[in-house]
Amino acid sequence: MTKLLTVHDPRGYPPLVTGKRLAPRLESLDGKLIHLVDCLFDNSEVFMEQLKDWFAEHMPSVRTEIVKPRESWVDDPVMRAKIAAEADAALFAVGL
């Protein structure tokens, strides 16, 4: 990335951010397992359930599983390892 980014962190101090390329796009989601990562924001669990229901209704061949980190704002290596080992893709969301 050649552009500078400004990142705002609600914890009150700017983190060091290194730009990275996006993950390669899957050709299709058919038959894939998508981990829906609930980032533990207010009402995010409700949103993730609605997203899971949307996939079930509109893309029934896509399997989804909601996963959560142990706590908000803290890296969870166990959760990351689970996603890497089991899922074909992950979708992170913060809720409503």
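The values are calculated or read from the model by the stated rules, or taken from the named source; none is laboratory data. What you see is a predicted model; the values in this text were computed from it and never measured. Here Cβ is always computed from backbone atoms with ideal geometry, including for glycine, and neighbour counts include all displayed protein chains. Note: areas computed on protein heavy atoms with side chains; ligands, DNA, RNA excluded. Shrake-Rupley method; radii C 1.70, N 1.55, O 1.52, S 1.80 Å.
Annotations
- For region 27-40, the count of residues that are more than 25 Å from residue 65 (Cα to Cα) and touching a residue at least 40 places away in the same chain (Cβ under 8 Å) is zero.
- Any pair with Cβ under 7 angstrom, 6 or more apart, that starts in region 14-26 at a residue that is of a type outside the set (Val, Ile, Thr) and ends at one that is open to solvent by 100 Å² or more (accessible area, probe 1.4 Å) and in a loop (DSSP other than H, G, I, E, B): 19/1; 19/5
- Any hit, region 9-24, residues being closer than 17 Å to residue 92 by Cβ, in contact with a strand residue (DSSP E or B) (Cβ under 9 Å, 6 or more places away or on another chain) and surrounded by fewer than 11 Cβ atoms within 10 Å (Cβ to Cβ): yes
- Selection count, region 40-67, where residues are open to solvent by 90 Å² or more (accessible area, probe 1.4 Å) and at pLDDT below 95: 4
- Residue 35 meets the conditions (1) over 15 Å from residue 87 (Cβ atoms); (2) open to solvent by less than 60 Å² (accessible area, probe 1.4 Å) in every case but one. The failed one is (1).
- Sub-7 Å Cβ pairs linking a first residue in region 52-75 that is without any contact (Cβ under 8 Å) to a residue 60 or more places away in the chain to a second residue that is β-branched (Val, Ile, Thr) and in a helix (DSSP H, G or I), at least 6 apart or interchain, are 67/83, ordered by first then second residue.
- All positions within region 50-73 that are under 14 Å from the mean Cα position of the chain (by Cα) and of a type in the set (Val, Ile, Thr): 64, 66, 67
- Residue check, residue 33 at pLDDT 95 or above and in contact with an Asp or Glu (Cβ under 7 Å, 6 or more places away or on another chain): yes
- Checking every residue in region 6-23 against the condition of being among the aromatic types (Phe, Trp, Tyr) and at pLDDT 85 or above gives zero matches.
- Filter pass, residue 84 being open to solvent by 70 Å² or more (accessible area, probe 1.4 Å), without any contact (Cβ under 8 Å) to a residue 12 or more places away in the chain and either of a type in the set (Gly, Ala, Ser) or touching a helix residue (DSSP H, G or I) at 6+ places or on another chain (Cβ under 8 Å) (or both): yes
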